[in-house]
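The values are calculated or read from the model by the stated rules, or taken from the named source; none is laboratory data. None of the values given here were measured: they were computed from a predicted structure. Methodologically, a virtual Cβ is constructed for each residue, glycine included, from the backbone with ideal geometry; neighbour enumeration extends over all protein chains shown.
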Amino acid sequence: MEKNLHCFTKKDLVMILDNVLEKTLGEVDKNRVFDRTIVHPKITGIAGDVIEQSVLGYPADSRQEPDLIVDGEEVELKTTGLRMSKKVKGQFEAKEPMSITAVSPKSIITQDFESSHFWKKLEKMLLVYYLYDSDVTVPAAAYADFPIKGYDFHEFDEADKERLSNDWSLVKNYIVELQSEEIPEEHYPTISSKLRPHLMLIDTAPKWPNPPRFRLKRSTVTTMVQKYFGKRFEELDKDFGTYAEIDQQLKEFTLNYQGMTVLQLMEHFDIPIKLNDKNDVAKSVTEQIVVRMFGASSNKMKKIELFSEIGLRAKTITQTSRGNRTEDTKMFPIDFDEWMQKDILFEESTVYAEFNEQQFLFIIFEESSSKDKLLEKRFKGFKRLSFDEQFIETEVRPIWESVRYLIFENKLVETVKKKKDGQVRVNKNGTVMTSINFPKSATNTVFFRGSGADSSDKPVEINGISMYRQDLWIKGKILVDMLNKMPFL
């Protein structure tokens with residue numbers, strides 16, 4: 001009888017959900033679900049509760065089966081938060097990964113993919129999107145102000161179904177391996193770290209002893225969201241179901257193109273040569289070359305659907321003939337709105353997600369001399385890097401904590417740069433050179449570095465100090481040492 005309360009036709013759902021679009025969660029809460037936030041201000045899942053209980057009108061339950069019966073078929077309801085992108089104006093991104101179902105070691109070993117709880121939850125979904133319209137973390141009651149932006153009857157295509165099946169099988173097989181070796185359950189946290197470099201669309205979190213769950217990666221959900229709202233991605237002619245298949249393709253590219261200069265590669269792939277004021281080409285052309293190797297026409301890997309959803313990002317690095325470093329590597333811009341939230345945990349931050357969820361395809365070139373232009377540098381091959389938990393904990397977390405300490409304890413200081421003789425250093429436009437006591441490369445593997453159009457371009461202000469836009473960088477020597485321990489693909 002309980003299931004009957006969850007039965008709908010698609011036509012009815014469309015009518016119901018069309019009626020709540022652009023309304024806030026508070027406006028549609030006819031059953032006063034938000035009243036619970038008075039006693040429990042930090043309650044989680046309030047947005048989903050409102051959609052279930054006030055919009056669709058059925059009580060919450062914790063069954064492993066999908067939530068709804070729609071025209072006789074089981075459909076999983078997911079209420080998903082969106083954020084406005086800080087990188088692309090007017091574009092939505094997923095607020096967080098999407099939790100799917102529990103990782104159950106005792107039952108998963110007896111299941112196959114098609115009949116698994118995991119696939120039953122993903123096969124047919126109704127995704128309801130609301131905008132998390134705040135740059136800071138808010139209490140549950142504040143969700144009442146967040147608008148409902150859309151809904152999507154989502155079904156994965158066959159290529160993504162294969163990737164999900166392969167990912168799920170990796171988790172299952174690893175659990176089978178642990179159990180066959182009679183490894184105690186307290187060692188199961190290795191599932192997330194061991195498998196992370198190999199999982200395309202999913203991960204698992206949290207770690208044991210907390211019961212872990214399967215999740216769709218934030219990059220996967222973001223791609224689903226952006227496609228729903230009209231963004232067009234380029235599709236590759238060839239499907240890749242696993243990272244192993246991508247790695248094999250990259251090996252073939254290396255065999256075909258190793259030793260060619262950037263100029264030769266640009267000519268081979270008919271990429272226009274646009275020289276800058278240094279009579280060279282921009283570094284971005286190297287990513288464009290890789291995209292051309294895959295047979296695509298986009299300039300960026302993130303514009304290709306597969307690479308967008310699996311969170312694979314391209315980075316270019318140049319080494320000397322002896323494999324030494326030539327430069328530091330910029331990772332991504334700093335979102336100070338997030339870094340300045342006092343109650344946000346490191347594990348909930350974007351910087352953690354960037355290192356934990358994404359993988360980086362390093363396109364490696366070699367120079368014969370430090371005077372070589374990019375056009376003259378020769379392609380050596382690829383290495384795919386997934387930052388491990390030790391690196392994140394020992395190198396990234398301390399930067400997160402130290403910068404937040406400087407901000408919250410009012411320890412951020414701007415000092416005037418001086419020459420050895422004590423004279424003040426001055427920029428070309430007459431402004432005084434200054435430095436801010438953010439983590440620097442001299443003492444940190446991961447560090448801050450500012451950039452602007454010129455020395456007067458300081459749009460960021462923190463604690464009364466104006467500064468350049470800041471990016472997170474990794475010291476070149478450390479990164480090259482990490483890459484040198486890895487074989488080329």
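Listed by position, the strands (runs of 3 or more DSSP E) contained in region 139-244 that have at least 3 residues being over 20 Å from the mean Cα position of the chain (by Cα) are 148-154. The residues of region 401-410 that are among the charged types (D, E, K, R) and loosely packed, with under 12 Cβ neighbours inside 10 Å, listed by number, are GLU401, GLU409.
For region 293-314, which positions are among the basic types (Lys, Arg) and assigned to a helix (DSSP H, G or I)? Please lay out each step first, then the result.
At the first step, the residues of region 293-314 found to be among the basic types (Lys, Arg) are 300, 302-303, 313.
Residues satisfying the conditions are LYS302, LYS303.
Considering the conditions (1) in contact with a Lys or Arg (Cβ under 9 Å, 6 or more places away or on another chain); (2) at pLDDT below 90; (3) not hydroxyl-bearing (Ser, Thr, Tyr), LEU5 is excluded by exactly one of them, (1). Of the residues in region 288-298, at least one is in contact with a helix residue (DSSP H, G or I) (Cβ under 7 Å, 6 or more places away or on another chain) and of a type in the set (Gly, Ala, Ser).
From TYR151, TYR174, grab the single residue that is within 30 Å of ILE16 (Cβ to Cβ), modelled with pLDDT of 90 or more and of a type in the set (Ser, Thr, Tyr).
Working: TYR174 fails: within 30 Å of ILE16 (Cβ to Cβ).
Sole residue among the options that is within 30 Å of ILE16 (Cβ to Cβ), modelled with pLDDT of 90 or more and of a type in the set (Ser, Thr, Tyr): TYR151.
Of everything listed in (1) touching a Gly at 6+ places or on another chain (Cβ under 9 Å); (2) closer than 22 Å to PHE387 by Cβ; (3) of a type in the set (Ser, Thr, Tyr), the single unmet condition for TYR228 is (2).
Among the residues of region 44-87, what is the count of those that are hydrophobic (A, V, I, L, M, F, W, C), surrounded by fewer than 17 Cβ atoms within 10 Å (Cβ to Cβ) and closer than 19 Å to TYR228 by Cβ? Qualifying residue count for the region: 1.
The condition of being in contact with a helix residue (DSSP H, G or I) (Cβ under 7 Å, 6 or more places away or on another chain), surrounded by fewer than 16 Cβ atoms within 10 Å (Cβ to Cβ) and not polar (S, T, N, Q) holds for only one of GLU389, GLU393, that being GLU389. The single condition among (1) modelled with pLDDT under 95; (2) in contact with a Pro (Cβ under 8 Å, 6 or more places away or on another chain) that VAL221 does not satisfy is (1). Do we find a residue being more than 28 Å from GLU461 (Cβ to Cβ) and hydrophobic (A, V, I, L, M, F, W, C) anywhere in region 413-422? Within region 413-422, not a single residue is more than 28 Å from GLU461 (Cβ to Cβ) and hydrophobic (A, V, I, L, M, F, W, C). Inside region 180-194, residues that are under 14 Å from VAL103 (Cα atoms) and out of contact with any Ser or Thr (no Cβ under 8 Å at 6 or more places or on another chain) make up a count of 4.
Please state which one of ARG196, ARG213 is closer than 22 Å to PHE488 by Cβ, in contact (Cβ under 8 Å) with a residue 40 or more places away in the chain, assigned by TED's automatic domain parsing to the domain that holds TRP119 and surrounded by fewer than 20 Cβ atoms within 10 Å (Cβ to Cβ).
Working: ARG213 fails: closer than 22 Å to PHE488 by Cβ.
From the options ARG196, ARG213, the qualifying one is ARG196.
Checked across region 340-360, the condition of being assigned to a strand (DSSP E or B) and of a type in the set (Lys, Arg) holds for no residue.
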